[in-house]
Amino acid sequence: MSEQVMNEIEDHVPALRRHAYRLAGSMDRAQDLVQDTLLKAISKKDQFEEGTSLKAWLHRILFNTFISSKRREKTRGHHVDWDDLGDVYGHGSNQMARLQLRDADRILGELPEQERQAILLTAVDEISYQDAAERMNVEIGTVKSRVGRARRKLRSSVGRIETREHASRFVAEAA
């Protein structure tokens, strides 16, 4: 996926939010759905075929993510809350959203391989800790530790992004 396509993803975020809200029925769940969708799109960006519809690709990921969450709710009896990953895709300006997408891609790339694999298996591929442990050939506690470390690093990085966003707003308001 080219840099240009990464930039174009940001243009689709408002439509993704509207679609997610119609599917999920609440803003909180819609935001979670969009966040998970963007995380999946970024982590699977090599699967996007340039020249095809980015909008359709993103909305298909959104819909599939929604269906997967509904299936999980039926089998587990509850909704998995990803609030502790932070709101990377907030209500900032277009430029800020573009920077956030780049930051999210960079942050995922900076995670140690074992932590990145654990968070992608559990948060993006939506498999259980037990299944992730079997795939990674480690104990379930090891997967939980790696996911926890990855989430802390993501949260810390999100904090730096939010600090930069607030500083940018302050500078813009002062001008």
task: Report the local net charge at Gln117: Lys and Arg +1, Asp and Glu -1, summed over other residues whose C-beta lies under 9 Å from its C-beta.
output: +1
- request: May I ask you to order 141-151, 35-45 by the average number of other C-beta atoms within 10 Å around their residues, highest value first?
  value: 35-45, 141-151
- prompt: For the range 9-19, in order, what is each residue's ³J(HN,Hα) by Karplus, 6.51 cos²θ - 1.76 cosθ + 1.60 with θ = phi - 60°, in whole Hz (x at glycine and Pro)?
  reply: 4, 4, 5, 8, 4, x, 5, 5, 4, 4, 4
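Where a number appears in this text, it was derived from the coordinates with a stated rule and is not lab data. Remember, predicted model here, so these are calculated numbers, not experimental data. Note: ideal-geometry Cβ built from the backbone for every residue, glycine included; neighbour counts use all protein chains shown.
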